[in-house]
Amino acid sequence: MAETPMRFAEFSRPRLIRFSDCDPAGIVFYPQYFVMLNGLVEDWVNEELGIGYDALVTGRRVGLPTVKLEADFRAVSRMGDRVALGLAVERLGSRSLSLRLRCFEPVSGEVRMQVGQVLVTTSLQTHKAIEIPADLRAAILKGALPS
């Protein structure tokens, strides 16, 4: 199946920056952003797509490993900040999808950090790439914006 060129709605969640997210300077320790954004991917699969991340991974044995990750850190987030985390599909291929994930200030829209991430669907039996399951593809396509 060929790549599907279209735009997708952004899925977002509010997030409080916690003590456990921060380094001794009181700002987010950069690897913690990746933990937050991984949680956002799980929330997206569970809530927006309605697939169930646990059912996909442990039940159906379909993995979504990251094969590419590119981060841009633009401004600090401090303990106590209320931010939003956003996820949008940038590309939907036959075996992979590219996401744009970001942490931003919800009122001004100031981007604190942004990530480009490529996920590949894999069989957790063989650890080889597989076609994106039809129900997952259909759920992702529901988030497409009209052209």
Pairs with Cβ under 8 Å, 6+ apart, first in region 51-76 and under 30 Å from VAL111 (Cβ atoms), second assigned to a loop (DSSP other than H, G, I, E, B) and among the aliphatic types (A, V, I, L, M): LEU56/LEU64; VAL57/LEU64; VAL57/LEU124; GLY63/LEU124
Members of region 108-117 that are outside any loop (DSSP other than H, G, I, E, B) and either under 13 Å from SER77 (Cβ atoms) or among the polar types (S, T, N, Q) (or both): VAL111, ARG112, MET113, GLN114, GLN117
Close pairs (6 angstrom Cβ cut-off, 6 or more residues apart or separate chains): hydroxyl-bearing (Ser, Thr, Tyr) in region 79-101, surrounded by fewer than 19 Cβ atoms within 10 Å (Cβ to Cβ) and assigned to a loop (DSSP other than H, G, I, E, B) anywhere: SER94/MET1; SER94/GLU131
Hits in region 16-45 - residues which are under 30 Å from ASP135 (Cα atoms) and more than 12 Å from the chain's Cα centre (by Cα): none
All positions within region 1-38 that are closer than 20 Å to ASP72 by Cβ, loosely packed, with under 14 Cβ neighbours inside 10 Å and touching a residue at least 40 places away in the same chain (Cβ under 8 Å): TYR30
Lone unmet requirement of (1) hydroxyl-bearing (Ser, Thr, Tyr); (2) over 27 Å from ARG18 (Cα atoms); (3) modelled with pLDDT of 95 or more for TYR53: (2)
Top-ranked residue in region 71-121 [being among the acidic types (Asp, Glu) and under 18 Å from GLU10 (Cβ atoms); ranked as surrounded by the fewest Cβ atoms within 10 Å (Cβ to Cβ)]: ASP72
Test: residue in region 126-139 that is within 21 Å of PRO65 (Cβ to Cβ), hydroxyl-bearing (Ser, Thr, Tyr), modelled with pLDDT of 95 or more and surrounded by 12 or more Cβ atoms within 10 Å (Cβ to Cβ): no
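The values are calculated or read from the model by the stated rules, or taken from the named source; none is laboratory data. As the structure is a prediction and not an experimental result, all values here were calculated from the model. A quick note on method: Cβ atoms are made from the backbone with ideal geometry, for glycine too, and the neighbour counts reach across all protein chains shown.
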